[in-house]
Every structure is written in C-alpha cells, then in structure tokens.
C-alpha cells in the first residue's frame with residue numbers, strides 16, 4: 001500500500017498484493033438506493049483471503065433492503081474480475097453487528113448532508 005492510500009474502513013486479512021484490487025472492486029459496487037459505493041455506506045464488515053478462498057462479510061442497512069440480491073451479485077462479479085484463478089469467492093450476508101450510520105465514510109455523510 002502506498003503512503004497516500006487510505007486504509008480500508010474494514011478489516012482486511014490476506015496478501016498485500018490483493019488488498020488494492022479487492023478494495024477497488026468493492027468501490028465499484030454502488031448501493032442504488034443511496035447512489036454511493038457500498039464501502040462508503042459502510043456495508044463491508046471484513047475481507048479475508050486464505051489459500052483458496054476470498055471471503056467478504058457484508059451487511060445491508062436494513063433486513064428489508066429491496067436490492068440485497070443485486071448488491072451481493074455485483075460484489076461477487078466485481079471480485080471475480082480481480083481474484084486469481086482458483087480462488088473461491090464467498091460473499092456472506094451478516095446482520096451482527098447491526099449497521100448504523102456511524103459506519104458511513106465522511107464522504108458519505110457529507111453527501112447525505114450530515
């Protein structure tokens with residue numbers, strides 16, 4: 001990671017070489033309800049890369065989110081574009097801890113006028 005790069009707002013465990021491509025992939029996924037990236041909204045709880053598996057823990061702002069399936073599919077598609085061959089992608093939807101607006105990036109809060 002370069003000195004100017006901001007660390008991801010979620011825990012990352014895995015090879016340094018995959019950190020930036022994974023973060024870029026996640027930044028390409030937009031929550032259509034709020035027109036911001038899922039990273040800025042604070043939906044990503046963690047990323048881990050093991051020998052044969054890339055796991056992403058993700059939540060939604062509410063259990064009633066009508067675009068959950070769309071977001072999960074887009075996350076998998078974007079990660080598939082950057083993951084090395086043979087690395088299984090596992091996107092896991094979690095509800096604990098519950099999402100709060102505290103998870104939003106400063107940019108997202110400014111966008112929302114907070």
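Each reported figure results from applying straightforward, stated rules to the coordinates on display, with no laboratory input. All values derive from a computational prediction rather than experimental measurement. Heads up, the Cβs are rebuilt from the backbone with ideal geometry, glycines too, and the neighbour counts pull from every protein chain shown.
Of all the numbered requirements in (1) in contact (Cβ under 8 Å) with a residue 24 or more places away in the chain; (2) more than 22 Å from residue 96 (Cβ to Cβ); (3) surrounded by fewer than 20 Cβ atoms within 10 Å (Cβ to Cβ), residue 79 misses one, and that requirement is (3).
Pick from segment 43-70 the residues that are buried (at least 16 other Cβ atoms within 10 Å of the Cβ) and within 10 Å of the chain's Cα centre (by Cα): which of them is farthest from residue 33 (Cα to Cα)? In this case the residue turns out to be 47.
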